[in-house]
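Structure first, then comments.
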């Protein structure tokens, strides 16, 4: 839709020299997600892949797990901007579930509002993810996913190299799916790292690829509880981040069997949980 970036004029100061120049900024706009015509959630996101974002959000909430549970997603024709002559804002989507799929009891009245840095917390949240996921992670010693530390070490550079919009703006997070051999499967960018992950998961749902039981999820920035939650709900066994995880993310990974890796920089990394998936001597638990 041509709204991923916007141009603004800025004053630039370099070594005391002042100049005026155009700058490319990442776009940020609200997206309202409706379920069966009823308001469900609002998130601040970078426009694009909005249907995938909505689908991925519903996977994370435990509403969807298979493509056939989703009838369709549409932009709401009535969501118009009066200042733009009644043009569709493309900032409201409506999700229709297939017959028989339970509609969750979550609405805007319960403050299901997300931002580009939000997260959840508490023991109740841990229990909810563990009990609601339809794709329990394989935690046994013969887990089918084994990944070499050298393969993990190469992922941040591959993620950065594939970030097209980041190169122009410097203002986006990214999430990417890789195989255990380091092959890039998909990448999405957004102002919110949780939105980027939802877009990844939503595309997988739409294409009938859930659970992502052989994939590695690589994210820019830190690994919050919310990102760990999304990985578990999509059946992703490995989550790697270039920065630190939160304590609750580590707790969730330990409880669900998720392999959680933080501070992935060069050949250095910290393994906080699920070390049994690393192909290295001495890795355990």
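The values are calculated or read from the model by the stated rules, or taken from the named source; none is laboratory data. Remember, predicted model here, so these are calculated numbers, not experimental data. So basically every Cβ, Gly included, is an ideal-geometry build from the backbone, and we count neighbours across all protein chains shown.
Computed quantities for the displayed model
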read-out: Residue in region 74-83 that is in a helix (DSSP H, G or I), in contact with a strand residue (DSSP E or B) (Cβ under 8 Å, 6 or more places away or on another chain) and either modelled with pLDDT of 95 or more or surrounded by 15 or more Cβ atoms within 10 Å (Cβ to Cβ) (or both) present; value: no
read-out: Among (1) outside any strand (DSSP E or B); (2) at pLDDT 90 or above; (3) over 25 Å from residue 5 (Cα atoms); (4) in contact with a helix residue (DSSP H, G or I) (Cβ under 7 Å, 6 or more places away or on another chain) - the single one residue 285 does not satisfy; value: (2)
read-out: Answer from 67, 98 - the residue that is at pLDDT 95 or above and over 22 Å from the mean Cα position of the chain (by Cα); value: 98
read-out: Residue that is nearest to residue 61 (Cα to Cα), among those in region 167-182 that are at pLDDT 90 or above and in a loop (DSSP other than H, G, I, E, B); value: 180
read-out: Test for residue 34: is it more than 17 Å from the chain's Cα centre (by Cα), more than 30 Å from residue 77 (Cα to Cα) and surrounded by 10 or more Cβ atoms within 10 Å (Cβ to Cβ); value: no
read-out: Subset of region 37-64 (residues that are over 14 Å from the mean Cα position of the chain (by Cα) and more than 16 Å from residue 102 (Cβ to Cβ)); value: 37, 39, 41, 42, 47
read-out: Top-ranked residue of region 140-166 - restricted to ones that are modelled with pLDDT under 70 and surrounded by 14 or more Cβ atoms within 10 Å (Cβ to Cβ), ranked as nearest to residue 49 (Cα to Cα); value: 165
read-out: Filtered residues of region 1-42 (kept if over 26 Å from residue 173 (Cα atoms) and assigned to a loop (DSSP other than H, G, I, E, B)); value: 15, 16, 36, 37
read-out: Selection within region 215-237 - closer than 13 Å to residue 136 by Cα and either free of Cβ contacts under 8 Å to residues at least 12 places away in the same chain or out of contact with any helix residue (DSSP H, G or I) (no Cβ under 6 Å at 6 or more places or on another chain) (or both); value: 231, 235, 236, 237
read-out: Residue under evaluation residue 208, criteria (1) in contact with a strand residue (DSSP E or B) (Cβ under 9 Å, 6 or more places away or on another chain); (2) at pLDDT 95 or above, criterion not met; value: (1)
read-out: Residues within region 22-31 that are in contact with a helix residue (DSSP H, G or I) (Cβ under 8 Å, 6 or more places away or on another chain) and buried (at least 18 other Cβ atoms within 10 Å of the Cβ), tallied; value: 2
read-out: Output for region 183-203, where each listed residue is more than 12 Å from the chain's Cα centre (by Cα) and either crowded, with 22+ Cβ neighbours inside 10 Å or assigned to a loop (DSSP other than H, G, I, E, B) (or both); value: 183
